[in-house]
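Working notes for the structure below.
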Amino acid sequence: MSVSVQERVGALLRGSGMSLSAAESCTGGMISHLVTVVPGASEYYLGSVTSYAVSVKEKVLDVPAEIIDENGVVSGPVAGAMARGIRRLTGSTFAVSTTGLAGPGGDENYPEGTVWIGVDGPLGTRTKIVRKDLGREGNIEAFAVAALEFLVSYMEEYLKTSDDK
């Protein structure tokens, strides 16, 4: 039986004293849902902000308006700022964020099915773009899984570098 990505998150965090938070836009709480279906997630999962509106990104997550104005709300810099913002807000060890277009809609730069994922933690902030073409509901789930996979790779790198010391 294969282990789900949310179970891998739990295995990395459970008993470690480390914690996780999420800032979600286009995934609308799906990351939080996936994380919290794992028994014992309350040990390491602090919570999330679903910042669908730009005003919530700015006021709650402290994403500077200039970053949104210069890059657009669907961008790597915004995803990174969202991850940093939720990490500061909750005091978590790691944070993951999403901002994108689940569909319908989009444009030539960012078509439907585009998400920027941000992670933040002891190794700094990293972002990644992912594109899917699975329809709105399929994209939302695929974005959340991709975000958790990106987070797992970040956490594994951190744990490896801290073990090497």
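Taking Lys and Arg as +1 and Asp and Glu as -1, the other residues whose beta-carbon sits under 10 Å from that of Arg88 total 0. Taking other C-beta atoms within 10 Å as the exposure proxy, Met82, Met155, Met18 rank Met18, Met155, Met82 from fewest upward.
So what's the angle, to the nearest 10 degrees on a 0 to 90 scale, between helix 76-90 and the longest Cα principal axis of the chain? Approximately 50 degrees, to the nearest 10. Taking label points 7 Å from Cα along the Cα-to-Cβ direction, Arg88 and Glu43 give a separation of 3.1 nm. Listed by Cβ neighbour count within 10 Å, with the fewest neighbours leading, Arg84, Arg136 appear as Arg136, Arg84. The Cβ shell under 14 Å around Ala146 holds other residues with a net charge of +1, Lys and Arg each +1, Asp and Glu each -1.
Within the chain, DSSP assigns beta bridges of which about 60% are antiparallel (rounded to the nearest 5).
Among Ile140, Ile86, the order by Cβ neighbours within 10 angstrom, fewest to most, reads Ile140, Ile86. The angle separating the long axis of helix 135-163 from the principal Cα axis of greatest extent in the chain is about 40 degrees. Helix content alone sets the calculated 222 nm mean residue ellipticity of the chain: runs of n ≥ 4 DSSP H residues at -39500 (n - 2.57) each, divided across all residues, give -14000 deg cm²/dmol.
Dimensions of the chain from C-alpha coordinates, computed as largest minus smallest value along each principal axis and given longest first, are 43, 36, 27 Å. Centre-to-centre, using Cα atoms only, segment 84-135 and segment 13-31 are separated by 12 Å.
Read the figures in this text as sums done on the coordinates, not as results from a lab. It should be emphasised that the depicted structure is a prediction, and the values quoted were computed from it without experimental measurement. Reconstructed Cβ throughout: ideal geometry from the backbone, glycine too, with neighbour counts over all protein chains shown.
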